[in-house]
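Enquirer: I'd like to ask some things about the structure below.
Every number in this text was worked out from the coordinates using simple rules, so none of it is lab data. In this text the structure is predicted, and so the values were computed from the model without any measurement. Methodologically, a virtual Cβ is constructed for each residue, glycine included, from the backbone with ideal geometry; neighbour enumeration extends over all protein chains shown.
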Amino acid sequence: MIEPMKDYYRILDIPLNANQKDVEKAYQKIKNLVSKNSVSLYSILPSVEKDRFMSEVEEAYNVLINPEKRNIYDVSIKGIAAQKENERESEFAKQLSFGFAKEAFTYLDYTRKAEKIHKDMVDRIRNDYLIRPGGISIRILETQDPERPDTENVQVEPAPKPEENHQSVTSPAPSGQTNNQNNEIPATAEEEKQSESEVVQAIRKNPQTGEQPGEEKPEITVTANSKPVISETQDTEQTKKENLSSDIQMPDKEKIVIDENSEFSGPFLRKIRESMGITVKDIAKTTKISTANITYLEEEDYRNLPALVYIKGYLAQIAKCLNLRSDIVVRSYLSRMNERQEKKGK
Amino acid sequence: MTGRKRHIFAFGGGKGGIGKSFLSANIAASISQMGYRTGLIDLDLGGANQHTFFGIDRPHKTIDDFIEHRTRNFSDILIDVPGYDIMLGAGIQNDLKATNFNAGQKARLFSAIKSLDFDYIIIDIGAGMSISTLDTFNIAPNGVLITYPEPTALENCYKFLKSAFLRELRGKVKEKELKELVDNIYDGKIIIPAGIKIVDYFNSVYSELAGTAIAVMNHHNYYFILNNASEEDMELLEHIPYAIRRFYGFGIIPLGALANDEKIRESIRKMRPYIEIFPDSPTTQKIREIASNIVNISESLCYD
């Protein structure tokens with residue numbers, strides 16, 4: 001059997017400029033899938049391989065989640081990384097592309113957007129599938145977080161920074177011959193493997209002392225680059241914190257209280273919409289629902305609304321526009337609609 | 001080539017009896033009802049019966065006629081589907097011949113299908129993973145895999161995807177030793193360790209092969225439909241694409257999920273499309289959704 005490549009980013013299936021959160025998310029995803037013994041893994045990951053695979057994942061995670069270890073690793077794979085990223089990009093480009101021009105996006109934007117579209121699609125299918133009869137505890141404010149399309153986009157801008165940092169880190173330190181060596185793109189697979197094993201050695205060493213016995217080359221890389229790199233990451237962490245705080249301040253919805261008990265009536269949906277500065281036309285544009293139908297929904301003019309299935313679909317789409325959990329909005333709206341119609345009937 | 005954009009979708013999935021023919025018939029019907037000119041080609045080589053889904057008792061012209069050179073143009077063998085804007089290429093009735101057609105026949109058939117003048121072309125592909133089946137699947141830029149949320153169906157589905165990919169890759173590489181390598185993977189003589197994507201593996205063995213592999217992957221969009229799914233299976237809509245991407249390196253997009261529905265059998269017995277007999281059933285809604293997903297994705301993928 002062929003020795004698996006120690007490309008930690010590949011093992012966790014994340015881009016090179018993924019942040020801590022992405023690393024954590026990717027790790028949890030794999031762990032969850034494997035530990036749950038999901039049927040989706042049947043025949044893809046034989047049970048004999050599971051342990052070996054998971055130990056690799058753990059190894060990758062332990063390095064990438066630790067800023068210090070990760071920096072050392074990053075610096076040592078610098079040369080290979082550029083080449084690999086190209087491949088990865090072209091591999092990803094078509095995979096989940098939905099019509100946006102490839103050049104216009106960085107890799108991370110690209111995957112984030114693609115993932116979001118994919119997730120939306122899954123959500124939509126899932127939400128439309130069944131409106132669960134009771135029993136869901138409403139966690140709107142919580143569940144909003146992972147979706148948060150607007151803030152996600154906001155975050156995308158500072159995200160490519162770490163990549164720039166790496167470049168700026170390595171460029172002022174071409175002092176050693178080693179760095180030049182690292183920047184050379186290995187021509188053959190063998191060389192690639194060699195440098196990878198160096199990488200592993202570099203990581204196994206204590207990152208701070210770095211004076212462990214071994215060849216000289218990796219030692220120099222570690223000591224030459226480790227300090228500035230760490231300070232850079234502190235910067236990125238700071239920017240991350242800033243991002244987080246801005247995320248919290250962002251939603252205007254704070255003025256309106258949306259909690260477990262809120263009933264998503266037509267007027268309430270309108271209020272949320274207006275507070276976000278979204279017009280009926282905006283929604284009509286993105287959802288392709290007619291403005292008339294949106295207005296009927298908000299005015300609770302049930303008689304003019306189309307069949308129930310359409311209402312469900314409309315509500316789900318509107319909820320998505322307003323950044324709300326669509327299943328909950330649909331359920332709440334429809335139960336209110338039923339009640340009111342029954343009252344009228346009496 | 002005409003200026004028209006053709007979107008060709010092949011419906012496959014390896015395992016038999018998981019609703020490939022049923023779904024391709026009904027999705028074709030939905031797409032045609034959305035106002036697109038639709039072609040439905042029955043290439044289920046083992047048991048072609050698309051005509052039966054539309055109540056066409058005995059098609060007077062079939063793909064046989066084209067294969068046997070009784071007609072020159074493929075469009076001559078297409079028959080009108082009553083009640084729909086669909087032209088049906090009815091499947092081969094002589095099964096023995098069908099499974100054995102040669103490379104020349106195949107090439108002629110495939111190029112004829114590719115140049116048909118429709119908005120959407122739906123190809124129904126039979127069960128199994130014979131070479132002909134895989135080749136048929138590969139002619140379409142869009143491959144739709146149908147699967148059940150069961151280990152057996154998923155196993156076949158994954159294997160089908162991988163085999164179809166390797167089959168196409170084999171056709172693309174010229175060097176003898178690379179062909180051999182692909183064959184060995186195909187035959188299971190070389191096992192790629194779990195957790196390593198096919199492309200990564202090629203990269204470590206023959207990096208030229210990796211480039212070709214990526215080109216082949218980029219040539220296709222893969223989708224899947226989860227049939228016969230209960231609510232608990234919904235998480236598979238996320239897990240399957242993740243697993244396929246993580247372990248194989250393919251991107252695959254979920255088109256939708258359908259629940260078990262006894263009425264399907266009734267519609268087949270009546271020999272009419274399900275969406276016509278039960279227009280208000282949830283299954284019809286799902287089928288229409290899948291059809292509109294197909295249309296939306298196709299439209300958004302055309303950015304020229």
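Enquirer: Of the beta bridges DSSP finds with both residues in chain B, what % are antiparallel, to the nearest 5?
Expert: 5 percent
Enquirer: How would you rank A:321-328, B:67-74, B:115-122, A:53-60, highest first, on the average number of other Cβ atoms within 10 Å across their residues? Could the numbers behind the result be given before it?
Expert: Numbers: A:321-328: 22.1, B:67-74: 13.1, B:115-122: 20.5, A:53-60: 17.2.
Descending packing order for the listed peptides: A:321-328, B:115-122, A:53-60, B:67-74.
Enquirer: Mind telling me which of B:VAL205, B:VAL173, B:VAL182 comes out most flexible in a GNM of chain B, alpha-carbon contacts under 10 Å?
Expert: B:VAL205
Enquirer: Going down the table (B:LYS20/B:LYS197; B:LYS106/B:LYS197; A:LYS320/B:LYS286), which pairs top 23 Å between alpha carbons? Before the final figure, lay out each step's value.
Expert: Numbers: B:LYS20/B:LYS197 28 Å; B:LYS106/B:LYS197 31 Å; A:LYS320/B:LYS286 20 Å.
Pairs exceeding 23 Å: B:LYS20/B:LYS197; B:LYS106/B:LYS197.
Enquirer: Between B:ILE191 and B:LYS179, what is 0.36 nm times their sequence separation minus the Cα-Cα distance? Round to one decimal in nm.
Expert: 2.7 nm
Enquirer: Rounded to the nearest angstrom and ordered from largest down, what semi-axes does the equivalent ellipsoid of chain B get from its C-alpha gyration tensor (root of 5λ)?
Expert: 30, 24, 17
Enquirer: Enter the mean number of other protein chain beta carbons within 10 Å of the beta carbon of each residue in B:150-158, as an integer.
Expert: 3
Enquirer: Considering the convex hull of the alpha carbon atoms of the range A:256-346, report its projected area averaged over all viewing directions, in nm², one decimal.
Expert: Over every viewing direction, the Cα hull of the range A:256-346 projects on average to 5.6 nm².
Enquirer: Something else about it: Given a cut-off of under 8 Å on Cα pairs at least six residues apart, what relative contact order in percent is computed for the range B:211-255?
Expert: 50 percent.
Enquirer: Another question, then. Run the numbers on chain B and let me know its relative contact order in percent, using alpha-carbon pairs under 8 Å that are six or more apart.
Expert: For chain B, the relative contact order is 23 percent.
Enquirer: So if we plug the beta-carbon distance of B:ARG58 and A:GLN20 into 1/(1 + (r/R0)^6) with R0 = 51 Å, what FRET efficiency do we get, rounded to 0.05?
Expert: It comes to 0.20.
Enquirer: Starting from one equal scatterer on each C-alpha and no solvent at all, send me the Debye-based log10 I(q)/I(0) for the range B:166-304 at q = 0.09, 0.11, 0.12, 0.16 Å⁻¹, two decimals.
Expert: Cα-only, vacuum Debye calculation for the range B:166-304: -0.43, -0.60, -0.69, -0.94.
Enquirer: Roughly how crowded by other chains is peptide B:252-258, in terms of the mean Cβ count from those chains within 10 Å of each of its Cβ atoms?
Expert: 4
Enquirer: Over the whole of B:284-297, what's the average partner chain Cβ count within 10 Å per residue? Rounded to a whole number, please.
Expert: Rounded to a whole number, the mean comes out at 2.
Enquirer: On to the next question. As an exercise, find the ratio Rg/Rh for the range B:125-179 from alpha-carbon atoms, using the Kirkwood inverse-distance average for Rh.
Expert: 1.02
Enquirer: The range B:18-114: D in µm²/s via Stokes-Einstein (Kirkwood Rh, Cα pairs, 10 °C, 1.306 mPa s)?
Expert: D, rounded to a whole number, is 116 µm²/s.
Enquirer: Taking every DSSP beta bridge that has both residues in the range B:1-132, what percent is antiparallel when rounded to the nearest 5? Walk me through the numbers before you get to the answer.
Expert: Numbers: 2 of 17 bridges.
Roughly 10 percent of the DSSP beta bridges within the range B:1-132 come out antiparallel.
Enquirer: Checking the a/c ratio against 1.5 first, then a/b against b/c, what shape does the Cα gyration tensor give for the range B:259-304?
Expert: prolate
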